[in-house]
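Reviewing the structure listed below.
The values are calculated or read from the model by the stated rules, or taken from the named source; none is laboratory data. This is a predicted model, so every value here is computed, not measured. All Cβ positions, glycine included, derive from the backbone under ideal geometry; neighbour counts span all protein chains shown. What goes into the accessible areas is simple: the full protein's heavy atoms, side chains included, and nothing from ligands, DNA or RNA. Shrake-Rupley method; radii C 1.70, N 1.55, O 1.52, S 1.80 Å.
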Amino acid sequence: MLPDQVYSPAEDSELLLRAALAEVRPADRVLEVGIGSGYVAAGLPGRAASVVATDINPHAVACARARGVEAVRTDLFAGLCGPFDLILFNPPYLPTLPEERLDDWLEYALDGGPTGRATIERFVADIGRVLSPFGRVLLLVSSLTGPDEVRELFARQGFVSFVVDEEALEDETLYVLRAMWDLCRMGA
Amino acid sequence: MRRNLMEILCCPVCKGELSLTVTEESGEEVLEGTLRCAACSVDYPISEGIPNLLPQTACED
């Protein structure tokens, strides 16, 4: 049983795990940001050299550790220096107005601010600090989040990105974006 | 947390190195202790095996 204050695995978690299993290589040092219940990271042991996970929610990191995942409580990856070869993130991506906020731990898992991209913007702005030179990022986004706008955020930070997996749900489509350094532009 | 996690941890504020003090461990696992950022003069707790690297001003649960 998951505590009420931890995001339960849903279609988005399953889609991110599927993309991660297709992407991960045995030598990868993997970071999962915003681990929630630990569903994705717990599906990776034996497939990567190491897996570390973070969450700001104390219930989520406790839950992840109970599943045997090395967990660190921090905001995104603020307390980590890396480098990591594969970074996974199922972010809070739902456009949320201030009056719609729930003001509890679960809110951190869902609330993407008015555009749905508030947390994603912070993630993309700093991800280069912890990503290895040939590292890859898998980011889950929704059609509600504006995938093209998210790709534009990556481009502005010097990354190339494209959709590697998707799944249509009732009211939205989920996408996994894969981003890596645009090596042609490095040093330019 | 395992001791070798130290290699990839840093101060969440200044990104500087942390030094580990262990008060309880089990094999390679650090269960209780602190991570100190000397530059910021701040101690970050490790509790029940989980390092808490939230800035110390952040609201607690």
Please compute, for the alpha-carbon atoms of the protein assembly as shown, the extent along each of the three principal axes and give them in descending order in Å. 50, 44, 35
For the stretch A:16-92, what is the largest minus smallest coordinate of the Cα atoms on each principal axis, given in angstrom and ordered from greatest to least? 29, 24, 22
Over chain B, calculate the relative contact order: mean separation of alpha carbon pairs under 8 Å at least 6 apart, over the residue count, as a percent. 27
Label-point separation (nm) for A:Thr115 and A:Leu102, each offset 7 Å from Cα along Cα-to-Cβ? 2.5
Give the calculated FRET efficiency between A:Ser132 and A:Asp4 to the nearest 0.05, with a Förster radius of 30 Å applied to their Cβ-Cβ distance. 0.20
Leading residue at positive end of dipole, chain B (Cβ point charges), from B:Val22, B:Gly33, B:Pro12: B:Pro12
What's the long-distance tail for the stretch A:1-131, i.e. % of Cα pairs beyond 19 Å? 47
Cα shape, chain B, gyration tensor, a/c 1.5 rule: oblate
Listed residues A:Phe123, A:Phe162, A:Phe154; largest mean-square fluctuation, Gaussian network over chain A with Cα springs below 10 Å, found at A:Phe162
By the scheme Lys and Arg +1, Asp and Glu -1, what is the net charge of all other residues having a beta-carbon under 15 Å from that of A:Ala118? -4
Quick one: compute the contact order of chain A, relative version, from alpha carbon pairs under 8 angstrom and 6+ residues apart, as a percent. 19
To check my understanding: the extent here is largest minus smallest coordinate of the Cα atoms along each principal axis. What are those three numbers for the stretch A:101-167, in Å, largest first? 39, 27, 19
Return P(r) of the stretch A:50-188 (all Cα-Cα pairs; 10 Å bins starting at 0; whole %; ordered from short to long distances). 11, 39, 37, 11, 1
For the stretch A:58-97 and the stretch B:19-53, write down the distance between their C-alpha centroids in whole Å. 18
For A:Trp181, net neighbour charge (Lys/Arg +1, Asp/Glu -1) across residues whose Cβ lies under 14 Å away: +3
Cysteines in chain A lacking a second Cys C-beta under 4.7 Å: A:Cys63, A:Cys184
Probe radius 1.4 Å, ligands and nucleic acids left out: can you give me the accessible area buried at the B-A interface, summed over both chains, in Å² to the nearest hundred? 1600
Would you kindly find the accessible area of A:Trp105, with a 1.4 Å probe and non-protein molecules such as ligands, DNA and RNA excluded, rounding to the nearest 10 Å²? 40
Calculate how many DSSP beta bridges within the protein assembly as shown are antiparallel, expressed in % of all such bridges and rounded to the nearest 5. 60
